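Student: This is the structure, below, for whatever I ask next.
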Amino acid sequence: MTERAPRIDFAGRWALITGGAGGLGSACARAYLAAGGNVVLADLPGDRLERVAAELRAFAAEADGELSFLGGAPGAELDAAADLPGAAAELGATADQPRAAAELGATADQPSGAAEVLASAGGRVEAIGVDLADVATCRELPHRAHAFGGRLDTLVNATGIMQTKPMAEVTADEWQRVIDINLTGVFHTVQAACGLMTEHGGSVVSIASVAARSGRPAAPAYAASKTALLSLTKSAALAYAPMVRVNAVCPGVFFTDMWRGIVEDRDREYGPGAGQRYLDEVTAKTPLKRLGKVEELADVVAFLASDLAAYITGQAVNVDGGLEMD
């Protein structure tokens, strides 16, 4: 008798994905939908969020419940920010926002609302426009996501900002802005989400960075926030065990809107071509000698969120082609 291979199954489950309209966040949403789950995207309100939500609804309507990312993503890669200018080195940057403030999820506008229930066998895709720089909003967000389906099973923290600037030139306000989004906002979102999950169980996966492993002299606030996020992951794993598992992933180079911004920021800081040279250097240092694909990161996030990882908590997994090996 041949045993069936293990399968990731999110049927009936709900995931809140902050930064859900970004390249990595939307890839994680697609993976969750492909495994039969439902997603709530939280991101800056506006055309980008609406467009990504519509693309994911179309994908969900065609999905058959199999996690098609494992072994290859169906169709073209969904990179939600492919058409955004790289003027802001952060996830979620918009064309009309300055670099220092165009962070993922930060806006003064109010939520724009949710999507329709899919009539097909696919999952539901809901979208909430939020200000993830605001503590009260972060604490309220998991409850709003819970209201859609009456449960919350997974939280994926894909929100974050990055500024490329030499350490000696970083101002107090610039430092604090990165910490507020990348660490403080995540703390409050995790705290509220885990409070909802403690009765029936659940999982949290935070997207950190390989910068947390070795530091970044031209992005000190970002590296520090991501290092702290790994510590927060361990603390939350201990605090909410055994009902909630909390893990993190540390991506290497995935050419999303954040990396486009890094390239352009380096061109401005160090001269034309500096960004591409930096990208080439990092790729050359990567043992697998290539950039990552967003679905490769989403596969690992889906695994950690699933029952296949039921005995894994408090861990941080590098998804970086071998760039960091600790």
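Student: Would you please put 19-30, 42-53, 226-237 in order of how densely packed they are, using the mean number of other Cβ atoms within 10 angstrom per residue and starting with the highest?
Tutor: The densest-packed peptide leads the list: 19-30, 42-53, 226-237.
Student: While we're here: Roughly speaking, what % of Cα-Cα pairs in region 220-326 are separated by over 21 Å, rounded to a whole number?
Tutor: Looking at region 220-326, the distances longer than 21 Å represent 46 percent of pairs.
Student: Would you grab the residues whose amide H sits under 5 Å from the one on Q315? Only those 5+ places off in sequence or on another chain, please, with H modelled 1.01 Å from N.
Tutor: For Q315, the qualifying residues are A248.
Student: Among 140-146, 201-207, how do they line up from the highest to the lowest mean number of other beta-carbon atoms within 10 Å?
Tutor: 201-207, 140-146
Student: Relative to a virtual label point 7 Å from the Cα of T198 in the Cα→beta-carbon direction, which members of region 297-326 show backbone nitrogen distances below 13 Å?
Tutor: Answer for region 297-326: none.
Student: How far is it, in nm, from the label point at A61 to the one at A172 when both lie 7 Å from their Cα along the line to the Cβ?
Tutor: Label at A61, label at A172, 5.3 nm between them.
Student: Next up: Can you give me the long-range amide H partners of R13? Hydrogens built in the peptide plane at 1.01 Å from N, cutoff under 5 Å, separation of 5 or more residues or another chain.
Tutor: Distant-sequence amide H within range of R13: N38.
Student: Using 0.36 nm per residue, how much length does the chain from D9 to V135 gain when fully extended, once their Cα-Cα distance is taken away?
Tutor: Gain on stretching D9 to V135: 42.1 nm.
Student: If amide H atoms are built 1.01 Å from N in the plane of the peptide, which residues on other chains or at least 5 residues away come under 5 Å of the amide H of K165?
Tutor: Under 5 Å from the amide H of K165 lie the amide H atoms of A219, each far enough along the sequence or on another chain.
Student: Binned at 10 Å from 0, what are the whole-percent values of the Cα-Cα distance distribution for region 170-247, short to long?
Tutor: Once binned at 10 Å, the Cα pair distances of region 170-247 give 20, 45, 25, 9, 1.
Student: Taking the Cα atoms of region 12-65 alone, what are Rg (to one decimal) and Dmax (as a whole number) in Å?
Tutor: In order Rg, Dmax, the Cα atoms of region 12-65 give 10.1, 30 Å.
Student: Right, something else. If you plug each phi of region 49-57 into the Karplus form 6.51 cos²θ - 1.76 cosθ + 1.60 with θ = phi - 60°, what whole-Hz ³J(HN,Hα) values come out, in order, with x for Gly and Pro?
Tutor: With the stated coefficients, region 49-57 comes to 4, 5, 5, 5, 4, 5, 5, 6, 5 Hz.
Student: How would you order 259-269, 311-321 from highest to lowest mean count of nearby Cβ atoms within 10 Å?
Tutor: 259-269, 311-321
Student: Tell me which of T256, V282, S306 sits at the most positive position along the dipole axis of region 242-315, charges placed on C-beta atoms (Lys, Arg +1; Asp, Glu -1).
Tutor: Going by the charge dipole, the pick is V282.
Student: Hey, what do the phi angles of region 20-33 turn into as Karplus ³J(HN,Hα) couplings, whole Hz, using 6.51/-1.76/1.60 and θ = phi - 60°, x for Gly and Pro?
Tutor: Once θ is set to phi - 60°, the couplings for region 20-33 become x, 8, x, x, 6, x, 5, 5, 5, 4, 4, 4, 5, 5 Hz.
Student: For region 147-203, build the convex hull from the C-alpha positions and give me its volume per residue in Å³.
Tutor: Spread over its residues, the Cα hull of region 147-203 gives 92 Å³ apiece.
Bear in mind that the values in this text are calculations on the coordinates, not laboratory data. These numbers come from a predicted model, not from an experiment. All Cβ positions, even for glycine, are placed from backbone atoms using ideal geometry, and neighbour counts span all protein chains on display.
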